[in-house]
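The values are calculated or read from the model by the stated rules, or taken from the named source; none is laboratory data. Small disclaimer: the values here were computed from a predicted structure and weren't measured. All Cβ positions, even for glycine, are placed from backbone atoms using ideal geometry, and neighbour counts span all protein chains on display. Each accessible area value is taken on the protein alone, full model and side chains, heavy atoms only, with ligands, DNA and RNA left out. Shrake-Rupley method; radii C 1.70, N 1.55, O 1.52, S 1.80 Å.
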Amino acid sequence: MFSQLRASLQESHTHLQTAARHQAATDPKWQADYRRWRPPFERAVAWIVHHGNRRLRYRGTLKNDTWLHTRAAALNLRRLINLGLTRIDGAWDLAPATT
């Protein structure tokens, strides 16, 4: 019985994988979305894994989830500061980009 279930799941997976590959190869909308979202996603992952953050530091999902959110917030804050985030008269201000 287990082998029948496994064979059925494997067949379903193969069918879904084939359909996804076909869509990726032929659908212009899918390709445009992929080109739009892949570079920022890859950049975000690269920021996270930079300087030894490739491996998890803690045991347990909750601690690692907290660490990941804290790390992402720190990286976002550092980026905003590099883009010109300042505090003026008790309000946050992002300096306009200069060329």
*Quick one: if you stick a label point 7 Å off each Cα along the C-beta vector at Ile81 and Ala32, how many nm between them?*
4.0 nm
*Please report the base-10 log of the normalised intensity I(q)/I(0) for the chain, using a Debye sum with one equal scatterer per alpha carbon and no solvent, at each q in 0.17, 0.25 (1/Å).*
-1.01, -1.16
*asked:* Could you derive backbone 3J(HN,Hα) for the stretch 39-44 from the dihedral phi with the Karplus parameters 6.51, -1.76 and 1.60 (θ = phi - 60°), listing whole Hz in sequence and x where the residue is Gly or Pro?
replied: x, x, 5, 4, 5, 5
*Using modelled amide H (1.01 Å from N, peptide plane; none on Pro or chain starts), what sits under 5 Å from the amide H of Leu85, excluding residues fewer than 5 places away?*
Ala95
*Gyration tensor verdict on the stretch 1-46 (Cα atoms; rounded if a/c is under 1.5, prolate if a/b is larger than b/c, oblate otherwise)*: oblate
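Given contacts defined as C-alpha pairs under 8 Å and at least six residues apart, what's the relative contact order of the chain, whole-number percent? Before the final figure, lay out the partial values.
On the way: 27 pairs, mean separation 10.4, N = 99.
After rounding, I find 11 percent.
Trypsin sites (Lys or Arg not before Pro) within the stretch 52-99: which are DSSP loop residues with at most 16 other Cβ atoms inside 10 Å?
Numbers: sites: Arg54, Arg55, Arg57, Arg59, Lys63, Arg71, Arg78, Arg79, Arg87; in loops: Arg54, Arg55, Arg57, Arg59.
When the trypsin sites (Lys or Arg not before Pro) of the stretch 52-99 are filtered for loop state and at most 16 Cβ neighbours within 10 Å, Arg54, Arg55, Arg57, Arg59 remain.
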*Would you please give the FRET efficiency between His69 and Ser3, computed as 1/(1 + (r/R0)^6) with r the Cβ-Cβ distance and R0 = 35 Å, to the nearest 0.05?*
0.25
*Quick one: with all protein chains in place, what share of the accessible area of the chain is carbon or sulfur, to the nearest percent (1.4 Å probe)?*
59 percent
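Could you do me a favour and compute the accessible area per residue for the chain, 1.4 Å probe, result in Å²? Intermediate values should be presented prior to the final figure.
Working: 9240 Å² over 99 residues.
Spelled out: the 1.4 Å probe surface of the chain, per residue, equals 93 Å².
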*Step through the residues of the stretch 5-15 one at a time and calculate ³J(HN,Hα) from phi using the Karplus curve (6.51 cos²θ - 1.76 cosθ + 1.60, θ = phi - 60°), rounding each to whole Hz and writing x for Gly and Pro.*
4, 4, 5, 5, 5, 5, 5, 4, 4, 4, 5
_Positive dipole terminus of the chain, leading residue within Ala19, Ala46, Leu80 (C-beta point charges)_ = Ala46
*In degrees, nearest 10, range 0 to 90: what is the angle between the Cα axis of helix 61-82 and the longest Cα principal axis of the chain?*
50 degrees
